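Can you read through this structure? Questions will come right after.
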Amino acid sequence: MTQKEERVILVNTEDEVLGTMPKMEAHEKALLHRAFSVFVLNDKGEIMLQQRAAGKYHSPLLWTNTCCSHQRLGESNLDAGKRRLQEEMGFQTELKEIFSFVYKAPFDNGLTEHEFDHVMIGYFEGEPNINPEEVEAWKWMSPEAIKADMEDNGKAYTAWFRIIFDKFYEHFNQKTEN
């Protein structure tokens with residue numbers, strides 16, 4: 001069975017759809033496209049991190065947020081997040097979009113993530129049933145421990161997670177204070 005190449009949704013800086021393109025081509029051309037990042041927390045306020053599988057075409061074995069990917073045409077942000085959470089981590093939970101922003105992160109392999117990223121949060125207690133083709137390992141970490149570890153071991157984390165985490169941490173601390 002040949003797998004149909006995944007397409008991404010090209011957007012402008014207002015998140016208005018411009019069309020679609022094969023995922024690899026969009027990453028080669030560094031074109032802005034829609035994406036999402038899911039952060040799952042437990043009742044202790046710890047974030048579930050995943051270590052990307054060794055076979056990933058970029059950022060293999062690096063730590064990152066619970067899951068992330070690209071929406072499909074006609075799929076809502078939340079439905080996309082739930083779909084990918086099930087595909088990568090093997091569980092479902094309610095998600096809520098908390099903010100979005102545009103970022104650009106070039107990789108050593110010549111590809112560039114240029115994404116209009118919708119960041120979502122969900123809550124879960126228990127152990128995921130990880131997909132070994134997507135995920136090498138997982139762990140719970142407090143936001144403070146992640147922040148400290150990124151200062152010491154920044155290269156152990158994906159480029160986009162280092163960008164997103166600062167924004168998430170800011171948002172998380174504002175919500176906690178209110």
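The values are calculated or read from the model by the stated rules, or taken from the named source; none is laboratory data. A quick note: this is a predicted structure, and the numbers were derived from the prediction, not measured. Methodologically, a virtual Cβ is constructed for each residue, glycine included, from the backbone with ideal geometry; neighbour enumeration extends over all protein chains shown. SASA here: full protein model, heavy atoms, side chains in, ligands and nucleic acids out. Shrake-Rupley method; radii C 1.70, N 1.55, O 1.52, S 1.80 Å.
For residues that are at pLDDT 95 or above and of a type in the set (A, V, I, L, M, F, W, C), scanning just the range 1-25, find the one that is farthest from R84 (Cα to Cα).
L18
Can I ask one more? Go through the range 46-66 and count every residue that is part of a strand (DSSP E or B) and of a type in the set (S, T, N, Q). It would help to see each step written out before you state the result.
Filtering the range 46-66 for residues part of a strand (DSSP E or B) gives 47-52, 63-64.
Filter once more, so that each one left must be of a type in the set (S, T, N, Q): 50-51, 64.
Within the range 46-66, residues that are part of a strand (DSSP E or B) and of a type in the set (S, T, N, Q) number 3.
Only one of E87, E94 is of a type in the set (D, E), within 17 Å of the chain's Cα centre (by Cα) and farther than 22 Å from R7 by Cα. Can you tell me which?
Numbers: E87 fails: farther than 22 Å from R7 by Cα.
Criteria check complete, one pass: E94.
Something else about it: Among the residues of the range 103-146, write down those that are in contact (Cβ under 8 Å) with a residue 12 or more places away in the chain and among the aliphatic types (A, V, I, L, M). Steps first, please.
Just the residues of the range 103-146 that are in contact (Cβ under 8 Å) with a residue 12 or more places away in the chain, to begin with: 103-107, 109-126, 128-143, 146.
Residues satisfying the conditions are A105, L111, V119, M120, I121, I130, V135, A137, M141, I146.
The rows are residues; the columns are (1) polar (S, T, N, Q); (2) in a helix (DSSP H, G or I); (3) surrounded by fewer than 21 Cβ atoms within 10 Å (Cβ to Cβ).
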{"residue": "S37", "(1), (2), (3)": "yes, no, no"}
{"residue": "K44", "(1), (2), (3)": "no, no, yes"}
{"residue": "C68", "(1), (2), (3)": "no, no, no"}
{"residue": "E75", "(1), (2), (3)": "no, no, yes"}
{"residue": "F91", "(1), (2), (3)": "no, no, yes"}
{"residue": "E97", "(1), (2), (3)": "no, no, yes"}
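Here's a follow-up. Pairs, please: C-beta under 7 Å, at least 6 apart or cross-chain, first residue part of a helix (DSSP H, G or I) and in the range 149-175, second of a type in the set (G, A, S) and open to solvent by less than 40 Å² (accessible area, probe 1.4 Å)?
What qualifies is A159/A105; W160/A105; R162/G154; I163/A105; I164/S37.
Name every residue in the range 59-86 that is of a type outside the set (K, R), touching a residue at least 24 places away in the same chain (Cβ under 8 Å) and within 20 Å of I9 (Cα to Cα), in order of residue number.
C67, C68, S69, H70, Q71, L73, N77, L78, A80, G81, L85
Among the residues of the range 78-87, which ones are closer than 22 Å to T112 by Cβ and open to solvent by 10 Å² or more (accessible area, probe 1.4 Å)? Can you show your working first?
The initial filter retains those residues of the range 78-87 that are closer than 22 Å to T112 by Cβ, namely 80, 84.
Correct list: R84 only.
Shifting gears a bit: For the list (1) at pLDDT below 95; (2) open to solvent by less than 60 Å² (accessible area, probe 1.4 Å); (3) within 16 Å of I164 (Cα to Cα), I need the number of the one condition that L111 fails.
(3)
For the range 25-35, how many residues are open to solvent by less than 30 Å² (accessible area, probe 1.4 Å) and closer than 30 Å to N173 by Cβ? Can you show your working first?
First, pick out the residues of the range 25-35 that are open to solvent by less than 30 Å² (accessible area, probe 1.4 Å): 26-27, 30, 32-33, 35.
From the residues that got through so far, the ones that are closer than 30 Å to N173 by Cβ too are 32-33, 35.
Final tally of qualifying residues: 3.
State whether the residues of the range 11-24 include one that is exposed (fewer than 15 other Cβ atoms within 10 Å of the Cβ) and in a helix (DSSP H, G or I).
There is at least one residue in the range 11-24 that is exposed (fewer than 15 other Cβ atoms within 10 Å of the Cβ) and in a helix (DSSP H, G or I).
Next question, about the same structure. Search the range 132-144 for residues being open to solvent by 40 Å² or more (accessible area, probe 1.4 Å) and outside any loop (DSSP other than H, G, I, E, B), and hand back the single one that is farthest from L78 (Cα to Cα).
E144
Evaluate the following for N129: is it part of a loop (DSSP other than H, G, I, E, B) and either over 29 Å from D15 (Cα atoms) or aromatic (F, W, Y) (or both)?
On the way: part of a loop (DSSP other than H, G, I, E, B): yes; either over 29 Å from D15 (Cα atoms) or aromatic (F, W, Y) (or both): yes.
In short, yes.
Of all residues in the range 50-66 being among the aliphatic types (A, V, I, L, M) and surrounded by 15 or more Cβ atoms within 10 Å (Cβ to Cβ), which is farthest from F168 (Cα to Cα)?
Of the range 50-66, the ones among the aliphatic types (A, V, I, L, M) are 53-54, 61-62.
Next, only the ones that are surrounded by 15 or more Cβ atoms within 10 Å (Cβ to Cβ) stay: 53, 62.
Working: A53: 24, L62: 19 Å.
Out of the qualifying residues, it is A53.
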